[in-house]
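Following: one structure in structure tokens, then a few remarks.
The values are calculated or read from the model by the stated rules, or taken from the named source; none is laboratory data. Treat the numbers as computed from the prediction; the structure is a model and nothing was measured. FYI the Cβ positions are ideal-geometry reconstructions off the backbone, even for glycines, and counts take in every protein chain you see. These accessible areas exclude ligands, DNA and RNA; they are computed on the full protein's heavy atoms, side chains included. Shrake-Rupley method; radii C 1.70, N 1.55, O 1.52, S 1.80 Å.
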Amino acid sequence: MTAGKHYKVAIAGNPNSGKTTIFNQLTGSRQHVGNWPGKTVACEQGCYEHDAHSFDVIDLPGAYSLAAYSDEENVARSYLLEESPDLVVIALDATNLERHLYLVIQILETGIPAVLALNMSDLADKQGQLIDVQNLEEQLGGVPVIRVAANKGEGIQTLKQAITDQIIIARANGYSRTEGLELKYGVEVEREIARLRPQLEQAQELPSKFRSRWLALEMLANGRQLIEKMDSKAPDGIVRNITDSKERLQAALPEGIEFHVADVRFAEVGRLSDQILAFDRGAESAFSDQLDRIVTHPVLGIPIFLAIMYFIFRLVVNVSAPYLDWIDAVVSGPLTAWSAAALSALAAPAWLKALIVEGVIAGVGGVLVFMPGLIVLFVFIALLEDSGYLSRAAFVMNRFLSFLGLNGRSFVPLILGFGCAVPAIYATRTLENRRDRLLTALMVPLMSCSARLPVYVLFGIALFGRRADQVIWVLYALGVAAAILVGWVFSRTVLKTGGRTEFVMELPRYRLPTLSGLWAHVSVRTRDFIEGAGTVILLASIIVWILLQFPLGATSIEDSVFGRASAAVAPVFEPAGFGTWEASASLMSGLVAKEVVVSTMSEIYLGSPLETLDPEPQFIQQLTGIGAGFVSANVDAGREVLETLTPGITIFPEPADAQARETALSSVLTRVFTPAAGLAFLVYVLLYTPCIATLSVIRSEFGGRWALFSALYQSGIAWVAATVVFQIGSLLG
Amino acid sequence: MSKAMRLDQVPAGAEVRMLGFVRCRRCGLRLTEMGLTPGTTIKVLQASRGQPILLRVRGSQLAIDRETAQKIEVEQIEEGMQIQNQGRRAWRRAGGHRRAGGRGGRRGWKHWRGPGELLSESEGDQRDRW
């Protein structure tokens, strides 16, 4: 845009105020939205244009206040202090305004231009909550308050206009002179503020968009960060004066200045909400209370949680199986044949043809086959997040986590670990101390992530047939048990409790998940998975293929570089029952990403499909075959859903050919693995070294030593557990 | 006077008024900033053995562990004590808004007597607590 300017806008707000939804509506992007405190733990950035100006928008992590208790709250605070954006959009939950006004007051006091986005105002209307928006604007000194229903996109245009207008007004007036909300903190505090203000106004090092009054208060109440920043550059006098002022206040306010300031602010919150809210929430969400009484019940709570998880995993496995057959048939049949034919038609050299068919299609295709099951898993994780149940589960599980010196807040990262360990480890930033964070992060990789699911499904269906879902459920449970055991051991050895950590958590209101919200989740995660398949897994498949071809004269892949290296490692796994070079090769390549175990297996075992292919593919016939296969997969999946939803009732009698469900790879596996060895292999895959992406996150968050520690201890327990499973399994036959 | 007790002794279903923190300076700040200030009405929604306590404070639900609850001093809300003790909210619930006129408890900007009113209120709270 030509004459337009470039502005920085930050979105701040309490957890669960809909910041991310507003961010998505402003910028048109699709970030995850979750109904649990602490979903955005790092800044998310996007941009949009309005009135020929362009706006960079930052979605800050949710914070209850500008004081920083956890790493994620520190992100929000530091951003406001150091980046000083042109404007802050403060997202508020209109159905719970009183709780959210505290942060509003804090931000308005800073003097940064702001716009209030009164989110979920449609919901508030429905609940009969009248909010006097005009009065609120007046009380806050003319700050625009925009009614928004971000999940429906209502009010977003008005919000954009208000943002632009406010920035222009603030620019015209000069930021530092922006009028704003001013609270009085009592004689003693005001005296010290008055004393510090003139000096602070002189200090050039401080961000100019903040009012000197706020800076003074901040220095007195909570200013370590600001004082440190000034320490190097500021004229000597200031820092000493601040320390003196603080000492005087210590004497005058025995309860502590921080508490005093918070009290005054909450008194203002109380006053504001009395004036602008016409109805108290008298008949407050009776339904929500009823539901809470059941799901957080001291006895019923845990069985309910376990039942929900069992139901989810059962559905994931049963729904994915029919599609698995179908996609597998398409990939290993027509797709391979067509690409081989197309490559021949293009006169591609033989090695390229082999690379694409044996390497890329077998490798990447072998993983993409698992998309349907993963989509189902992603839908359920999204449902758990969006509905607000996750926080209730954390409440219920607090009891167990307290044995480990952790508290319920650690539970949310652990559950997210079922999706992917990387975001789960980031989510530990919501925890308040480093020891809790580290212990949780070491436990997260044991929660079986979605990348391991393809391995389970493949082996489960091949070796255990209709009992596959139970086997997979046991694996998930085993992962959880291992996490608890490991947590228990570590909390008594390397990571002793550094004193009790208090457990304080807000339980967000239940929300009916919206289709668009679910779609946002599922599409992002699915895209990540496909991107992973197109990059990491593609690359790994090609490298594995190349390693399998060298040295060039080798008669069989066993004599290749990769084959020999794996054969050297294989004896290690002999006691666990899978001491073949193929198994070791898959496990080694699985360090890149756990899905690669499957892709390597399909490259090794199905290495040369070219020889067995029909030379004259019947194009039309195959096309109708694909269509018919898809239809019957849908029917099968639908049947499985109904069966799972009605436990104990057989709606559809088992079709006669149900046992015949077999993919090309699974028929090979039945020959190579005994059930005991297969189970031991799965246990090993469940527990062994986290993938490279996870290790690098542990490294960046906690340092290389902990990443190494995580890698080593996990391969250790994996080997032991796999060996135990195999030995016991063999004894039992 | 009504009886002062600790929050972990309050049975489920009861409503109490927050008085202050006991021997717990830093840990209280987080709670303070989540709205647990002296004078606030707390409704205990759940208090089952072995579980954290579930509260309703300022319209939102908070879960806090028992050790922390032990450090929060509260008093029972008695009939008739409400008006003096409970601050603005109870004053309004007890019909105060009808005196001030206007619908639904809105006193309006013009009736506010300036920041001094606020100050005296918060100082009152302090005296209560210390």
Worksheet item: Given R₀ = 35 Å, FRET efficiency for A:Ile169-A:Ala278 by Cβ-Cβ distance, to 0.05?
Response: 0.70
Response to the item:
The distance between the Cα centres of segment A:110-158 and segment A:240-281, in whole Å, is 25 Å
Worksheet item: Among A:Lys246/B:Lys71; A:Lys8/A:Lys160; A:Lys126/A:Lys160; A:Lys184/B:Lys71; A:Lys19/A:Lys152; A:Lys5/A:Lys160, which pairs are too far apart, with a Cα-Cα distance over 18 Å?
Response: A:Lys246/B:Lys71; A:Lys126/A:Lys160; A:Lys184/B:Lys71
Response to the item:
Calc'd 3J(HN,Hα), segment A:131-147, phi into Karplus 6.51 cos²θ - 1.76 cosθ + 1.60 (θ = phi - 60°), Hz, glycine/Pro = x, comes to 10, 7, 5, 4, 5, 4, 4, 4, 4, 8, x, x, 6, x, 10, 10, 7
Worksheet item: What percent do you get for the relative contact order of chain A when only Cα pairs under 8 Å and 6+ apart count?
Response: 13 percent
Item to complete: Using only alpha carbons, build the gyration tensor for segment A:300-376 and give me the equivalent ellipsoid semi-axes, biggest first, whole Å.
Response: 40, 11, 6
Response to the item:
In square angstrom to the nearest 100, the accessible surface buried at the A/B interface, both sides summed with a 1.4 Å probe, amounts to 5300 Å²
Fill in: R0 of 25 Å, Cβ-Cβ distance A:Ile543-A:Leu352: FRET efficiency to nearest 0.05
0.95
Response to the item:
FRET efficiency for A:Glu247 and A:Glu531 from the Cβ-Cβ distance with R0 = 35 Å, rounded to 0.05, comes out at 0.05
Worksheet item: In nm, to one decimal, how far is the B:Ala14 label point from the A:Ser556 one, both placed 7 Å along Cα→Cβ?
Response: 7.8 nm
Worksheet entry | Descending semi-axes in whole angstrom, ellipsoid equivalent of segment A:458-543, from the Cα gyration tensor | 32, 26, 19
Discussion item. For a quick check of understanding: with a 1.4 angstrom probe and all protein chains in place, what accessible area in square angstrom does A:Phe287 have, to the nearest ten?
Written reply: 150 Å²
Worksheet, complete the sentence: Accessible-area order for A:Ser584, A:Ser700, largest to smallest, probe 1.4 angstrom, reads A:Ser700, A:Ser584
Response to the item:
Place a point 7 Å from the Cα of A:Ser516 in the direction of its beta carbon; the residues of segment A:80-95 whose amide N falls under 15 Å from it are none
Worksheet entry | Inter-centroid distance (Cα atoms) of segment A:512-528 relative to segment A:355-382, Å | 18 Å
Worksheet item: How big is the Cα convex hull of chain A in projection, averaged over all directions, in nm²?
Response: 38.2 nm²
Worksheet item: How many Å² of accessible area per residue for segment A:402-519, probe 1.4 Å?
Response: 34 Å²
Worksheet item: Heavy-atom accessible surface, probe 1.4 Å, ligands and DNA/RNA ignored: which residues of segment A:50-67 lose at least 20 Å² versus the isolated chain?
Response: A:Tyr64
Item to complete: Roll a 1.4 angstrom probe over the protein heavy atoms and tell me the percent of accessible area of segment A:443-569 that is carbon or sulfur.
Response: 70 percent
Item to complete: Over all alpha-carbon pairs of segment A:234-358, lay out the pair-distance distribution in 10 Å bins, whole %, shortest bin first.
Response: 9, 13, 12, 12, 13, 13, 12, 14, 2
Worksheet item: Percent antiparallel among DSSP beta bridges with both residues in chain A, to the nearest 5?
Response: 30 percent
Worksheet entry | Pair A:Glu574, A:Ile692: separation of 7 Å Cα→Cβ label points (nm) | 3.1 nm
Worksheet item: If you stretched the chain out fully between A:Val494 and A:Leu708, how much longer would it get, using 0.36 nm times the residue separation minus the C-alpha to C-alpha distance?
Response: 75.6 nm
Worksheet item: Taking the simple approach of a point 7 Å from Cα along Cα-to-Cβ for both B:Lys3 and A:Val631, what is their distance in nm?
Response: 7.5 nm
Item to complete: Compute, for A:Lys353, the solvent-accessible surface of its heavy atoms (probe 1.4 Å) with the complete set of protein chains present, and express it in square angstrom to the nearest 10.
Response: 50 Å²
Worksheet item: Which whole-angstrom value gives the distance between the alpha carbon centres of segment A:574-600 and segment A:182-198?
Response: 67 Å
